[in-house]
Amino acid sequence: MRGNHRGMVGASIRQRMQMPAPSACPTLLSSLDLGFTTLRNRVLMGSMHTGLEDRRADFPKLAAYFAERAAGGVGLMVTGGFAPGMDGWLKPFAGKLTRRWEVARHREVTAAVHTHDAKICLQLLHAGRYAYHPLSVSASALKAPINPFRPRALSARAVERRIDAFARSARLAREAGYDGVEIMGSEGYLLNQFTVARTNHRDDRWGGSVDNRMRFAVETVRRVREACGPDFILIYRLSMLDLVDGGNDWRAIVAQARAVEAAGATIINTGIGWHEARVPTIATSVPRAAFAGVTARLKPEVSVPLVATNRINMPDVAEAILASGQADLVSMARPLLADPEWVAKAAAGRAHAINTCIACNQACLDHIFQNRRAGCLVNPRACRETELAYAPAATPRRIAVVGAGPAGLACATVAAGRGHAVTLFEAADGIGGQFNLARRIPGKEEFAETLRYFRHRIDETGVDLRLRTLATPELLAGFDAVVTATGVVPRRIALEGGDHPKVLAYDEVLRGEVVPGAKVAIIGAGGIGFDVAEFLVHEGPSPSLDPVRWMEEWGVDPTSSAPGGLKPAAPEPPAREVWLLQRSPGRPGARLGKTTGWIHRATLKAKGVHMLGGVEYRRVDDAGLHVTINGVEQLLEVDHVVVCAGQESRRELVDALAGVPAETHVIGGADVAAELDAKRAIDQGSRLAAAL
Ligand code: FAD
Ligand code: NAP
Ligand code: SF4
């Protein structure tokens with residue numbers, strides 16, 4: 001069954017898109033013969049919940065979302081998770097496929113994908129004890145640490161009924177035109193809960209030994225295969241590294257892989273880490289392709305194609321995994337959210353044109369956890385394909401954009417892409433604004449990719465970029481419209497001794513203009529305070545660029561020689577002693593991103609950073625920073641105090657432009673500084689440009 005490399009991939013796509021023959025990624029772009037069907041390339045668009053799966057009315061949007069990625073050249077796509085029954089819902093009234101009348105809406109999705117010669121599988125996901133509702137069930141009645149609902153333990157007969165439910169949903173998926181299904185057996189969902197001793201305390205034929213624990217998963221694969229016939233793709237997502245105590249060891253993982261292959265799986269996909277794991281698995285600080293070696297270890301054990309996953313975001317990374325034989329396919333979910341044309345660009349040898357996923361999670365996973373529709377920080381059109389169009393401008397106009405931070409870059413390039421004549425003024429000697437500081441934080445190296453992308457778009461769309469040019473009203477005379485995107489400046493705070501040489505602004509520290517001493521206090525524990533703390537405690541090359549060192553820091557044993565693949569974490573000693581302070585009471589970092597805040601807190605904890613809330617700042621003098629904490633006066637004997645107390649809008653130009661005859665707009669930080677982030681800046685810039 002293993003696929004061959006016949007190199008016949010995507011010929012029609014290349015012709016349609018007038019691309020040159022692929023040279024950069026021959027393995028990635030080669031076809032994969034599954035025996036009964038052929039995938040046009042090795043790119044699998046991994047399952048990702050978008051929030052469009054749950055309501056009938058959103059299916060046309062879901063179809064457009066998949067169609068755009070199919071048109072962009074993806075070989076095989078997997079939908080977000082659909083439950084095989086109500087108790088498997090992730091949340092009340094989440095997407096499911098259990099009734100014949102639900103089939104029609106899916107046909108819209110499958111037809112849209114097939115129009116572009118791609119294949120699509122429906123993911124069947126039973127949430128088990130991760131279900132956020134009182135109907136939840138599991139192997140044993142053990143509450144998950146990330147969910148308030150305690151599951152009910154399934155009886156042996158109820159297990160049988162759940163297996164039948166998987167088979168029935170798979171049959172309906174086939175009726176709906178799907179090319180196959182993916183059975184979700186990882187990330188700590190129901191099937192995974194049965195496979196490990198951590199959550200399976202049963203002593204019947206569904207618990208106890210390794211064979212008994214994996215029986216539910218293996219029987220599900222067998223009966224789905226039986227129900228759907230031999231010519232139906234069956235992907236099994238196998239947890240190859242649980243990253244939780246009481247998870248499986250390598251022996252049990254191999255046994256499960258062989259058993260699901262024997263039961264009829266066509267492809268085995270890699271799952272890394274449970275949702276309750278305390279090791280990051282997809283955040284931006286995780287090194288690229290960090291877990292490909294785990295998939296590679298399974299290669300000699302099975303003969304079905306294997307899929308490598310997690311933090312694969314650029315063609316060279318994907319090609320290296322495949323060319324070295326670590327896996328047969330690569331899975332990418334967020335990178336295709338960020339750039340629907342990822343495959344087409346890779347095929348054309350235009351990797352530099354890819355809008356790279358920076359793994360920030362800010363608009364995709366964070367939104368889903370907030371019950372909002374997913375989006376993408378770098379691509380505001382993601383999941384809004386039918387709503388946000390960058391259509392050619394009816395009347396090209398002369399537009400000035402001031403400030404080449406994320407807001408101005410998005411606005412200028414989208415407007416120029418629509419045919420406007422755009423001049424972009426930037427006071428600094430390079431583009432990026434605050435993003436130039438963000439990319440210097442260890443673990444945020446990916447942010448440089450966004451600036452590379454914008455540089456390319458400036459060239460491609462013909463934006464007239466004027467660097468080292470402080471825009472003034474005189475310079476802006478004669479334009480039809482002026483967009484002010486002058487961003488923010490760090491807030492200065494009223495503090496006795498605030499002008500002491502010990503006191504530094506975060507931007508001078510991150511630019512390397514001043515190197516702080518061995519002991520540093522940070523005033524302000526927002527996103528930037530946390531980032532500056534990480535900058536100060538790290539020394540030398542970032543662990544995010546070195547998978548081996550990163551795994552040591554987080555206590556990951558990729559060989560799973562111990563259950564769950566965990567070992568004692570061995571963080572390197574901090575480069576400095578750091579105090580991270582905030583005035584508000586409580587734990588610093590509570591307002592950081594839902595899916596990444598815990599990672600920042602854990603990193604700083606491991607580096608011994610003193611994170612303190614309820615702090616009153618009294619003064620700075622030669623002795624250090626004087627504070628009051630819980631009514632007790634203290635002296636922090638620090639060499640430097642770095643102020644990270646938020647930002648203020650830079651609005652001199654807005655005020656100076658008041659009364660000029662041209663149409664004026666204000667976007668990004670220049671508009672509102674409070675709670676500004678790049679997601680808002682890029683979104684606002686793009687939307688304005690779409691309407692100009
Ligand atoms: P800015 O980025 O401030 O850009 C404004 C630009 O305008 C500047 O380049 C400036 O030189 C130029 N300018 C000003 N006046 C003039 C003039 N008169 N003429 C010409 N040019 C002018 N956001 C996130 O979403 N996620 C993160 O993880 C994240 N991490 C961060 C980490 C750090 C360390 C920092 C500092 C910021 C981080 N941010 C993050 C915030 C993000 O960078 C900002 O929200 C974003 O840059 C704001 O974009 P903007 O275009 O509005 O303004
Ligand atoms: P922020 O999140 O608003 O935090 C500002 C901090 O300064 C707070 O801790 C605040 O807390 C403190 N502060 C405010 N005024 C102060 C004053 N007058 N004196 C002393 N302390 C004061 O802003 P930020 O850290 O500058 O970040 C800016 C934006 O960038 C954020 O909105 C964030 O979204 C974005 N960002 C995001 C990430 C990310 O990982 N997603 C990372 C970096 C930045 P107290 O009032 O309690 O002291
Ligand atoms: Fe990637 Fe961030 Fe976009 Fe999510 S929001 S797809 S992590 S760039």
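The values are calculated or read from the model by the stated rules, or taken from the named source; none is laboratory data. For clarity, every value in this text was computed on a predicted model and none was experimentally measured. Note that each Cβ is placed from the backbone with ideal geometry, even for glycine, and that neighbours are counted across all protein chains shown. Just so you know, the surface numbers come from the protein's heavy atoms only, side chains and all, with ligands and any DNA or RNA stripped out. Shrake-Rupley method; radii C 1.70, N 1.55, O 1.52, S 1.80 Å.
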State which residue pairs qualify: first residue closer than 21 Å to Pro230 by Cα and inside segment 29-49, second residue part of a strand (DSSP E or B) and of a type in the set (Ser, Thr, Tyr) in any location, beta carbons under 6 Å apart, and separation of 6 or more residues or different chains. Ser31/Thr38; Leu44/Ser331
Filter pass, Arg549 being assigned by TED's automatic domain parsing to the domain that holds Val654, basic (Lys, Arg) and either surrounded by 15 or more Cβ atoms within 10 Å (Cβ to Cβ) or free of Cβ contacts under 8 Å to residues at least 60 places away in the same chain (or both): no
Subset tally (residues that are surrounded by 15 or more Cβ atoms within 10 Å (Cβ to Cβ) and closer than 28 Å to Gly631 by Cα) for segment 564-583: 7
Scan segment 525-534 residue by residue and report those that are more than 6 Å from ligand 2 (Cβ to nearest atom) and crowded, with 23+ Cβ neighbours inside 10 Å. Phe530, Val532, Ala533
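Inspect all residues belonging to segment 365-374 and state whether any of them is assigned to a helix (DSSP H, G or I), within 16 Å of ligand 1 (Cβ to nearest atom) and either acidic (Asp, Glu) or more than 30 Å from Trp598 (Cβ to Cβ) (or both).
Within segment 365-374, the subset assigned to a helix (DSSP H, G or I) is 365-369.
Those still in the list that are within 16 Å of ligand 1 (Cβ to nearest atom) too: 365-367.
Among the residues that remain, those that are also either acidic (Asp, Glu) or more than 30 Å from Trp598 (Cβ to Cβ) (or both) are: 366.
Yes, that holds for at least one residue.
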Among the residues in segment 427-436, are any crowded, with 22+ Cβ neighbours inside 10 Å, away from ligand 2 (no atom under 16 Å from the Cβ) and among the hydrophobic types (A, V, I, L, M, F, W, C)? yes
Based on this model, can you work out whether Leu451 counts as open to solvent by less than 40 Å² (accessible area, probe 1.4 Å), aliphatic (A, V, I, L, M) and either away from ligand 3 (no atom under 16 Å from the Cβ) or farther than 27 Å from Phe479 by Cβ (or both)? no
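Every residue, every condition in (1) in the same structural domain as Leu44 (by TED's automatic domain parsing); (2) in contact with an Asp or Glu (Cβ under 9 Å, 6 or more places away or on another chain); (3) not in a loop (DSSP other than H, G, I, E, B), yes or no:
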| position | (1), (2), (3) |
| --- | --- |
| Ala70 | yes, yes, yes |
| Gly73 | yes, yes, no |
| Met77 | yes, no, yes |
| Asp87 | yes, no, yes |
| Pro92 | yes, no, no |
| Val103 | yes, yes, yes |
| Ala111 | yes, no, yes |
| Asp117 | yes, no, no |
| Ile120 | yes, yes, yes |
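I'd like the full set of residues that are within 17 Å of Pro280 (Cβ to Cβ), in a loop (DSSP other than H, G, I, E, B) and either small (Gly, Ala, Ser) or open to solvent by 60 Å² or more (accessible area, probe 1.4 Å) (or both), limited to segment 552-563. Can you show your working first?
Of all residues in segment 552-563, those within 17 Å of Pro280 (Cβ to Cβ) come to 552-558.
Cutting the leftovers down to in a loop (DSSP other than H, G, I, E, B) gives us 555, 557-558.
Answer for segment 552-563, where residues must be within 17 Å of Pro280 (Cβ to Cβ), in a loop (DSSP other than H, G, I, E, B) and either small (Gly, Ala, Ser) or open to solvent by 60 Å² or more (accessible area, probe 1.4 Å) (or both): just Gly555.
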For segment 137-229, which helices (runs of 4 or more DSSP H) that fit wholly inside it have 2 or more residues that are at pLDDT 95 or above and buried (at least 20 other Cβ atoms within 10 Å of the Cβ)? 156-175, 190-195, 215-228
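Which members of segment 346-358 meet the condition of being in a loop (DSSP other than H, G, I, E, B) and either more than 16 Å from ligand 2 (Cβ to nearest atom) or farther than 23 Å from Ile458 by Cα (or both)?
Within segment 346-358, Ala348, Gly349, Arg350, Ile354, Asn355, Thr356 meet the criteria.
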Residue list for segment 337-365, restricted to those being surrounded by fewer than 23 Cβ atoms within 10 Å (Cβ to Cβ) and away from ligand 3 (no atom under 12 Å from the Cβ): Glu341, Ala344, Lys345, Ala348, Gly349, Arg350, Ala351, His352, Ala353
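Does Ile368 satisfy the condition of being within 21 Å of the chain's Cα centre (by Cα), within 12 Å of ligand 3 (Cβ to nearest atom) and over 17 Å from Glu68 (Cα atoms)?
Values: within 21 Å of the chain's Cα centre (by Cα): yes; within 12 Å of ligand 3 (Cβ to nearest atom): yes; over 17 Å from Glu68 (Cα atoms): yes.
Yes.
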Near pairs, Cβ below 6 angstrom, 6+ apart or cross-chain, from segment 466-494 (within 21 Å of Glu663 (Cβ to Cβ)) to any residue that is part of a loop (DSSP other than H, G, I, E, B) and open to solvent by 50 Å² or more (accessible area, probe 1.4 Å): Asp480/Arg397; Thr486/Arg650; Gly487/Arg650
Give me the strands (runs of 3 or more DSSP E) completely within segment 584-692, filtered to those with at least 3 residues that are more than 14 Å from ligand 1 (Cβ to nearest atom) and open to solvent by less than 60 Å² (accessible area, probe 1.4 Å), ordered by residue number. 615-621, 624-629
Looking at (1) more than 20 Å from the chain's Cα centre (by Cα); (2) under 28 Å from Gly555 (Cβ atoms); (3) part of a loop (DSSP other than H, G, I, E, B), which is the only condition Ala320 fails? (3)
Any residue at all in segment 483-499 that is within 16 Å of ligand 3 (Cβ to nearest atom) and either of a type in the set (Gly, Ala, Ser) or open to solvent by 20 Å² or more (accessible area, probe 1.4 Å) (or both)? no
Condition first: touching a helix residue (DSSP H, G or I) at 6+ places or on another chain (Cβ under 9 Å) and either closer than 29 Å to Glu637 by Cβ or within 7 Å of ligand 2 (Cβ to nearest atom) (or both). Now tell me which residues in segment 580-598 satisfy that. Leu580, Leu581, Gln582, Arg587, Pro588, Gly589, Ala590, Arg591, Leu592, Gly593, Thr596
Do you know which residues across segment 563-599 are under 22 Å from Tyr617 (Cβ atoms) and free of Cβ contacts under 8 Å to residues at least 40 places away in the same chain? Arg583, Ser584, Pro585, Gly586, Arg587, Ala590
